[in-house]
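A quick write-up on the structure given underneath.
Each reported figure results from applying straightforward, stated rules to the coordinates on display, with no laboratory input. Just so it is clear, the model here is predicted, and its values are computed rather than measured. Cβ atoms come from the backbone with ideal geometry, glycine included; neighbour counts cover every protein chain shown.
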Amino acid sequence: MGKPLERLLTRDEAAEILRATPRFMRRLIAERRIRFVYVGRTPHIPESAIAEYIEEHTVHPIVVRWRGGKVAA
């Protein structure tokens, strides 16, 4: 047996999850900045592609160490 299929989201559903506009999702798809699949003539975004997009665009804090041994964020 193959892997079970994951849920495919419409542009509007994906936009709601990312708290973005449907226009932004259309741009991500047009610029091939997010993984998607066509179902008929309509692009759908796999749930895992949303998680990947969030992980790739997460900005982590930088920890700066001063000479005195104190740590500042």
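Data table
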| read-out | value |
| --- | --- |
| Anisotropy class of region 26-69 from Cα gyration tensor, a/c 1.5 cut | prolate |
| Only Lys, Arg (+1) and Asp, Glu (-1) charged, at Cβ; the chain dipole about Cα centre in debye | 360 |
| Shape category assigned to region 1-59 from the gyration tensor of Cα positions, a/c cut at 1.5 | oblate |
| Gain on full stretching of the segment that runs from ARG19 to THR58 - 0.36 nm per residue minus C-alpha separation | 12.6 nm |
| Among HIS60, LEU5, ILE17 - extreme Cα towards positive end, dipole of region 3-73, charges at beta-carbon | HIS60 |
| Amide H within-cut-off set for HIS44, under 5 Å, with H built and near neighbours excluded | VAL37, TYR38, VAL39 |
| Neighbour count of at most 16 Cβ within 10 Å plus DSSP loop: longest GluC sites (Glu not before Pro)-free window in the chain | 32-73 |
